[in-house]
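Presented below is the structure to which this report refers.
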Amino acid sequence: MVVWEEAKLKHEQTVLSTLQEVSNALISVQEYREVQVQQACSVKAYEEAVEVSLKRYVAGKASYCEVLQNQQNLFQAETVLAQTELTGWWWYSSTRRWAAAGRHRRVCRQVHSAQASQI
């Protein structure tokens, strides 16, 4: 009876720990998506700034320096967006590897316990 209670408690602790990990992962995904959306909006804004500054330059109302500055800002924003997307891809792929490793460990434990019960 004591062994069963210990096993039950250990199982409950494992479930709670797993649920906490899932909760943390979901929060991370949500935060990542918010950052990605904000960065995409920045890129869009800088694209519009480049477009407006080019029109102003063609109309003789702005210097080419203004165009170059806006293009530089756009390049920096695009770089940060690409890094954000790369980080998201890395997180997703590492999470998949972690989940696969967890499944592998569970299968191994099941095989070992089945083998032990046969002895």
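Derivation of every value follows stated rules applied to the coordinates shown; laboratory data play no part. Here the structure is a predicted model, which is why all the values come from computation and not from measurement. Here the Cβ positions follow ideal geometry from the backbone for every residue, glycine too, while neighbour counts run over all protein chains shown.
Candidate cross-link partners of residue 55 among the aspartates and glutamates, defined by an alpha-carbon separation under 16 Å and a same-chain spacing of 8 or more, comprise 47, 66.
With both labels modelled 7 Å from their Cα along Cα-to-Cβ, the residue 17 to residue 86 distance reads 3.4 nm. Stretching the chain fully between residue 44 and residue 68 yields a gain of 7.0 nm (0.36 nm per residue, less the alpha carbon separation). Counting only aspartates and glutamates at least 8 places from residue 44 when in the same chain, those with an alpha carbon closer than 15 Å to its own are 78.
State the extension gain, in nm to one decimal, for the chain segment bounded by residue 30 and residue 7, taking 0.36 nm per residue of separation less the distance between their alpha-carbons. If you can, show how the numbers build up before the last one.
On the way: separation 23, 0.36 × 23 = 8.28 nm, distance 3.47 nm.
In short, 4.8 nm is gained.
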